[in-house]
Amino acid sequence: MSETTLETSHQCPICGVTTTDFRERPDSYDGNQYDCPNCGRFRIGRTAEACIGGLNEKARAILSTTTWQRQNETNKPPEIYSTHLENAEKENL
């Protein structure tokens, strides 16, 4: 499947802000890529994206912060999987 940029606005699955860019399955990645003014550019796996709605506000804030902090670790956008959601929930306790 080729990389797709959609012209319609999308909400960041982490913080809910309108994203500046969205890519569906970039480079055949099993998920989507978002560019959010709050969370930065990141990729999120399909399972994690389907489950993220279950996180409370504090866990989402933790995930947003850690995603932003991971921006400069590599030349690639950070990838979020369901284990990252579990870690955000644990830090929320």
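Since every read-out is calculated from the coordinates, none of them should be taken as a lab result. Being a predicted model, the structure only gives us computed values, none of them experimental. Cβ placement follows ideal geometry from the backbone for every residue including glycine, while neighbour counts extend to all protein chains displayed.
Taking the average, over residues, of other Cβ atoms within 10 Å as the packing measure, peptides 58-67, 82-91 rank 58-67, 82-91 from highest down. Taking the charge dipole of the chain about its Cα centre, with +1 at Lys and Arg Cβ atoms and -1 at Asp and Glu Cβ atoms, the residue from Ser82, Tyr29, Asn92 reaching farthest to the positive side is Asn92. Computed over neighbours whose Cβ is under 12 Å from that of Leu55, the net charge equals -2, Lys and Arg +1, Asp and Glu -1.
When a/c reaches 1.5 or more, the comparison of a/b and b/c decides; with that in mind, is region 30-93 rounded, prolate or oblate per its Cα gyration tensor? All intermediate terms of the calculation are to be shown ahead of the outcome.
On the way: a/c = 1.78, a/b = 1.29, b/c = 1.37.
Since a/c reaches 1.5 but b/c is at least a/b, the shape of region 30-93 is classed as oblate.
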